[in-house]
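**Student:** First the structure, which I've put down as structure tokens, then a few questions once you've had a look.
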Amino acid sequence: MEGLERTVGYAPELNLYHFITLGVAALALAYLQPLFSVPKDRREPPLLHSSIPVIGHLLHLIKHGSDYLLELERHYHQSIYMLIIGKGRMYVVTSPEWAQAIHKSHKSLRFNTIVCQAMKNVFLMDEPAMELIEHNANGEDGTRSGILLEMHDMLGSVLAPSQDLDDMNRSILSEVLPAINGLAKNGTQQIQLWGWLRYRFSVASTTAIWGPKNPFLLYPDVEPAFWEFEAAVLPLSMAPLPCLLARKGYKARQRVFNAFEEYFENSSYKEPGTSQLVRNRVVINLERHGLSKKMHAFGEVSMVFAVIVNTVPVAFWLMSYIFADKDLLAEIRMEVDACISTPSADGSKRSINATKLRTSCPLLTSALRETLRITASVNVNRQVHEDVTVTNSAGESYLLKKDSIVQIASNVIHQKELWGSDADQFSPRRFMQGSEKQQSESKIPDPAAPFRDAQGKVYSAAFRSFGGGNNVCPGRFFAQTEISGLVALFVAGFEMEGAETPGGYTSPPFETFKSSLAVVKPRKDVDVKIRRRSGFENAEWAFEM
Ligand code: HEM
């Protein structure tokens, strides 16, 4: 791990003091190791040892985030393996074939048990709320009743391509328009790209979903508090005494919770302009299952995570990749220009057709999927409910033991040889091979569709940004439209250069500590100068679906 130790930074709010504490704990545990030794069954996946017994892997994961799994891949090249963490086991899956096998065993390898733990530890559900949430969480009684299963089914239908989804997408895109139409109106304007985009996109997304009384719109401190909370999710859920060891995140979480509690206390979800998604959640949680308003409000913040935590940075990176490459910008501009109509006689009103962006812009779509491959390698976890034998497509089998965790290491799978020798590079055309076939098959191509290489070979489960199997992201169509809509507006209407790099734009580096749970963020913000594109100086942008 020498190289890694040099290059990888620390998790937010985990400082030297915490590592000293963990170091002391490691020594104590090493001494007591015989008491903790976990017998390995020979039918289990291969065990990878750590130089520090018992909690060595945990220390590396805390220190290096998901990069640690890349380092293990470089050393051991195992497609499934086992790590001992304290008294527990974590099975790590690093091949699409094993990822598929894990998804197939969804009855024994459970998603909702992990959701329940997060609802308790991160979203602070109290005991009565947990009783309601845990009831039939995994379909134990053979029906689809219960908060989590009903929520899953409701979201699957509200977010599937339909009129409802178009309405939500129209709403979010029209929410971002005032910010875009006000940009660089009187010549060049300098902004900090990440901060500008994060604020505008977070507020627009939450307004489209939670309506005009949404806390992000009402209170300017809620947006920064939310991102402060998001940055501290790991320490908040793992550290002892999070109110002391993750104090900033702890306070920020409380601010967001209070704001959402006020929103539901005032029944602000009844305001016109609130999405069907939020109203349906009220029906399921409050009316059908009797969750308290306070617990519903806290839990609603988990939905804010789903809606903005990944889309905002992906939009930032897609824009960065496009504006950093002048040829790519020119080619994507040609595609986007073909989606613009000019409804007003004086030519100032311009409208982008968001449906055409999805169906007629293969390079933009491919660049978005490639951006997801590089920046959205979201590793997913499952809890092993009972001893189970999993078998992959090659007929290999392993035993996974009850109460362990399985992690599908998407960040490793996204770097495998199957992507070619340039797997570590951004290659905007990588996903174009499959686009022709996809478009003839369905009007709206699925952004989670399998990767198809230049020879036409299809790799199921290799492209993992939206997960897979039963719990594949239901918000992917929504995300695709909002991200490509926002980025298309910039591409069509503006020129952008770095304030420090006149005539060009250079992306900032990735943050050093990569959480396995969300899209990577920029390590620092970047000052850019924005001006209106020639021929579009007076454009007032709008969207049509
Ligand atoms: C670029 C944007 C996004 C990315 C990369 C992303 C990624 C993912 C991934 C990897 C999962 C699977 C988790 C697992 O299997 O453990 C997931 C699930 C989920 N996502 Fe997304 N997501 C995005 C946007 C959205 C949006 C915009 C929404 C809502 C509007 C959303 C709602 C959900 C929900 C509700 C689930 C849980 C599904 C279930 O209960 O089975 N996501 N997402």
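**Student:** Using all Cα-Cα distances in the stretch 338-457, what percent lands in each 10 angstrom bin from 0 up to the longest?
**Tutor:** Pairs per bin, as whole percents: 11, 29, 26, 21, 9, 3, 2.
**Student:** What stretch of the chain, leaving out the sites themselves, is the longest with no GluC sites (Glu not before Pro) in a DSSP loop having at most 12 other Cβ atoms within 10 Å?
**Tutor:** Numbers: sites that count: E140, E386, E500.
So the longest stretch without any such site is 141-385.
**Student:** Mind checking which aspartates and glutamates have their C-alpha under 14 Å from K251, skipping anything on the same chain fewer than 8 residues away?
**Tutor:** Excluding near neighbours in sequence, the set is E13, D221, E223, E228, E230.
**Student:** While we're on this one: Provide the three semi-axes, in whole Å and in decreasing order, of the ellipsoid equivalent to the stretch 44-163 as defined by the square roots of 5 times the Cα gyration tensor eigenvalues.
**Tutor:** 33, 19, 14
**Student:** Carbon and sulfur together cover what percent of the accessible area of the chain at a 1.4 Å probe radius?
**Tutor:** The nonpolar share, carbon plus sulfur, comes to 53 percent.
**Student:** So, counting K/R as plus one and D/E as minus one, what does the shell of residues with Cβ under 9 Å around K294 add up to?
**Tutor:** Every neighbour counted, the sum reads -2.
**Student:** Still on this structure, please answer the following. Take the stretch 38-83, compute every pairwise Cα distance, and split them into 5 Å bins from 0; I just need the percent in each bin.
**Tutor:** Final binned percentages: 5, 20, 29, 27, 15, 4, 0.
**Student:** Mean separation of Cα pairs under 8 Å and 6+ residues apart, divided by the residue count of the stretch 445-545: what relative contact order is that in percent? Before the final figure, lay out each step's value.
**Tutor:** Details: 88 pairs, mean separation 20.3, N = 101.
Contact order relative to length: 20 percent.
**Student:** Sort T311, T113 from largest to smallest accessible area, using a 1.4 Å probe on the heavy atoms of the protein chains. Let's see the in-between values first.
**Tutor:** Values: T311 10, T113 35 Å².
So the residues, ranked largest to smallest area, are T113, T311.
**Student:** Which lysines, on any chain, are close to K40 with Cα under 21 Å apart, when same-chain ones fewer than 8 places away are left out?
**Tutor:** K87, K401, K402
**Student:** Return an integer: the convex hull volume of the alpha-carbon atoms of the stretch 221-316, in Å³ per residue.
**Tutor:** 120 Å³
**Student:** Volume per residue, Å³, of the convex hull around the alpha-carbon atoms of the stretch 463-507? Show your work: numbers first, answer last.
**Tutor:** Working: hull volume 4.6 nm³, N = 45.
About 101 Å³ per residue, rounded to a whole number.
**Student:** List the aspartates and glutamates whose Cα lies under 15 Å from the Cα of K356, skipping any in the same chain that are fewer than 8 positions away.
**Tutor:** D166, E335, D337, E436, D446, E482, E544
**Student:** Treating only the Cβ atoms of Lys and Arg (+1) and Asp and Glu (-1) as charged, compute the dipole magnitude of the chain about its Cα centre; round to the nearest 20 debye.
**Tutor:** So the dipole magnitude of the chain works out to roughly 320 debye.
**Student:** Tell me, what HN-Hα J-couplings in whole Hz come from the Karplus equation 6.51 cos²θ - 1.76 cosθ + 1.60 at θ = phi - 60° for each residue of the stretch 344-356, using x for Gly and Pro?
**Tutor:** Couplings: 9, 4, 7, x, 7, 7, 10, 10, 9, 8, 5, 5, 4 Hz.
**Student:** Another question, if that's okay. Treat every Asp and Glu Cβ in the stretch 426-545 as -1 and every Lys and Arg Cβ as +1, leave all other atoms uncharged, and give the resulting dipole magnitude about the Cα centre to the nearest 20 debye.
**Tutor:** Magnitude of the dipole: close to 480 debye.
**Student:** So what's the chain giving for Rg/Rh, alpha carbon basis, Kirkwood Rh from the mean inverse pair distance?
**Tutor:** Value, to two decimals: 0.96.
**Student:** Note down the Stokes-Einstein diffusion coefficient of the stretch 135-258 in µm²/s, whole number, using a Kirkwood radius over alpha carbon pairs, 25 °C, and 0.890 mPa s.
**Tutor:** Answer, rounded: 140 µm²/s.
**Student:** Accessible area per residue, 1.4 Å probe, Å², for the chain: what's the number?
**Tutor:** Heavy-atom accessible area per residue stands at 43 Å².
**Student:** Now, a different point. L291: accessible area at probe 1.4 Å, nearest 10 Å²?
**Tutor:** About 10 Å², rounded to the nearest 10.
**Student:** Can you run phi through the Karplus equation (6.51, -1.76, 1.60; θ = phi - 60°) for the stretch 73-78 and list ³J(HN,Hα) in whole Hz, with x for Gly and Pro?
**Tutor:** Rounded to whole hertz, the list is 4, 4, 7, 10, 6, 9.
**Student:** With θ taken as phi - 60° and the coefficients 6.51, -1.76 and 1.60, list the Karplus ³J(HN,Hα) couplings across the stretch 252-266 in order, rounded to whole Hz; mark glycine and proline as x.
**Tutor:** 5, 4, 4, 4, 5, 4, 4, 5, 6, 5, 4, 4, 7, 4, 7
**Student:** Tell me the label-point distance for the pair D446, S267, using the 7 Å Cα-to-Cβ offset, in nm and rounded to one decimal.
**Tutor:** 4.1 nm
**Student:** Mind running the shape call on the stretch 100-202? Use the C-alpha gyration tensor, a ≥ b ≥ c as the square roots of the eigenvalues: rounded below 1.5 for a/c, prolate if a/b tops b/c, oblate otherwise.
**Tutor:** Numbers: a/c = 2.81, a/b = 2.20, b/c = 1.27.
Here the stretch 100-202 falls in the prolate category.
**Student:** On the full set of protein chains, 1.4 Å probe, figure out the accessible area of R452 and give it in Å² to the nearest 10.
**Tutor:** So the heavy atoms of R452 present about 60 Å² to solvent.
**Student:** State, as an integer percentage, the relative contact order of the chain based on alpha-carbon contacts under 8 Å between residues 6 or more apart.
**Tutor:** 22 percent
**Student:** Let me check something: with ligands and nucleic acids excluded, how do H296, H103 order by accessible area (1.4 Å probe), largest to smallest? The partial results should precede the final answer.
**Tutor:** Numbers: H296 0, H103 25 Å².
Output order, biggest surface exposure first: H103, H296.
The values are calculated or read from the model by the stated rules, or taken from the named source; none is laboratory data. These numbers were taken from a predicted model, which means no experiment stands behind them. Every residue, glycine among them, receives a Cβ derived from its backbone with ideal geometry; neighbour counts consider all protein chains shown. We work out accessible area using only protein heavy atoms, side chains counted, and drop any ligands, DNA or RNA first. Shrake-Rupley method; radii C 1.70, N 1.55, O 1.52, S 1.80 Å.
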